[in-house]
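Each reported figure results from applying straightforward, stated rules to the coordinates on display, with no laboratory input. Please read these numbers as outputs of a predicted model, since none were measured by experiment. Methodologically, a virtual Cβ is constructed for each residue, glycine included, from the backbone with ideal geometry; neighbour enumeration extends over all protein chains shown.
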Amino acid sequence: MLNFPSSVLCSFMTKLEENLSKTLESKEAEIARLNEELAILKKALFGRKTERVIPVPENQLELALQFASNEAPEVEEPIKNKRKSRKGLKLSRFEIPDDLPREEIRIDISEEDKVCLETGTKLQWMRDEISEKLAYKPGSFYVKKFIRAVYCSTKASVAPVIAPLPDFPIEKCRADVSLLSHVLTMKFADHLPLYRVEEILKRGGIDIQRQTLCGWVLKLGEVLMPLYDLMFKKVLAGNRVFTDATGLNYLVKGKGSQKGYIWVYCGGETKATGKSPPYFVYEFTPDGKHRHPEKALNQFKGLLLSDAHRAYETAALREEIQWQPCLAHARRKFVEAESGNPKIKAQIIELFKKLFLNEREAWDMDAEQRLVYRTEKQLPIMNELYDMIKDEVDRAILPSCKFSKALMYMYSREKHFRTFLSDPMALIDNNLSERAIKPLVIGRKNWLFLGSKDSGKSTAVILSLVQTCRHLKIDPSKYLEDVLTRIMGHNSQKLDELLPDQWAELQK
């Protein structure tokens, strides 16, 4: 039997005790983290979806979890995926039913053009040239029948003279702009995938293949691109931009689907009392790399309102940009945190509540009054909020817990969270761009994915115009019908007239 000196044995026991103590602390931290994750999952499954803080008894969640665990999962019958070949089908044309009502539109040439250029004699009517376009008005389909008189000379062998058709956005397309705008509205305002649009049209007796509908969307995205570029330019030329992003899958030939991103930029010139800018512009990118928003915001100078995405935080390093992170995001992190001192957390959330309530009154004032009001009302609340946050940060808390992350989220960005106290046009939240993203989130649940990168670009263009119309309380179907009728022959120097806000002013 070995005999160790008492000093060695004592040192060994001390080290063993230290190691056991560290292991115990590590395990306790892990247990605390797992308990918090369990509480968050329970809340997500059985708790309220609102961010309002309403205490829910723990035994109620336990009971719900027990019932949920006793339910047997439903087993669905596997459905065989049968795909029909579409080879040989015509994709560019569709049949217009003969029984639809016709609306005749006569197009004639001027009296001056009815004179033969060689003989000076009057041209004689020869025949009528008829073109038909399938049109749509709310609740029914009909056919626009364009009748163009053809004239010829009886004394000279010259080519017949015929009145030109109006400019149409898609050459030789058998769909009228009213139908094209209706399809775009169903997809980008009502979030319907094109296979459902195809079924809806079929129930109305109109058989248009999905590939044809896809072709229309791609082509119309190209046609409307000049308006999109102009709107994007106006957004970045303004003094305030709200921005956010979300993912959206798209197909890559031979590689399946990949995750792309759509970034929204809300901006344009606004009045000093206006909370919302006029334009919503969406940009599609094939990935979520930071260089895309950094490139878009490269020329922007002014107030940037966003969440704490690293790309926006990097853009905020430029002196020309004043960044206001979203306080609603910061508040949400405290609401979702299940760890930390409940009393302290409740007090922090109550301070957030006061900030948001005061902002409702602040935006009923002009810019100068708003700044004074914020100095008197909001500054003391922000000071109190940050005093509490700094006190909690200094205490020994688990760095991996949600409450700790919420504290550091605000603590590390204090300078930027206070931007609204010195800039009267700054909002304390980024809810505007979050609401602008919502239609896209709803839409992707129906679309599932985009057909290609080109589809992503067309989606961004059309979605920008449609959602801007909805934001400005404009009927997107009426707007698109009028713009698609005029854009091909419109003066490029007066393209501003076709932007949604200016178009609406001209309709008054």
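Details
- Checking every one of the GluC sites (Glu not before Pro) in segment 102-157 against DSSP loop status and a limit of 13 other Cβ atoms within 10 Å picks out Glu118.
- Computed Kirkwood radius, in angstrom, where 1/r is averaged over Cα pairs of segment 91-166: 14.4 Å
- Of the two radii for segment 327-429, the radius of gyration is 1.00 times the Kirkwood radius, both from the alpha carbons; that is the Rg over Rh value.
- When each of Lys438/Lys473; Lys333/Lys377; Lys345/Lys402; Lys457/Lys494; Lys137/Lys457; Lys453/Lys494 is checked by Cα-Cα distance, pairs over 21 Å: Lys333/Lys377; Lys457/Lys494; Lys137/Lys457; Lys453/Lys494
- Between Val115 and Gln299, the distance separating the two model label sites (each 7 Å from Cα on the Cα→Cβ line) works out to 5.0 nm.
- C-alpha center-to-center spacing [segment 301-334, segment 347-426] in angstrom: 14 Å
- Descending semi-axes in Å of segment 380-508, equivalent ellipsoid built from Cα gyration tensor: 45, 21, 12
- Summarised in one figure, the compactness ratio Rg/Rh of segment 262-365, Cα atoms and Kirkwood Rh, is 1.03.
- Scaling the Cα radius of gyration of segment 141-204 by the globular reference 2.2 N^0.38 Å produces a ratio of 1.72.
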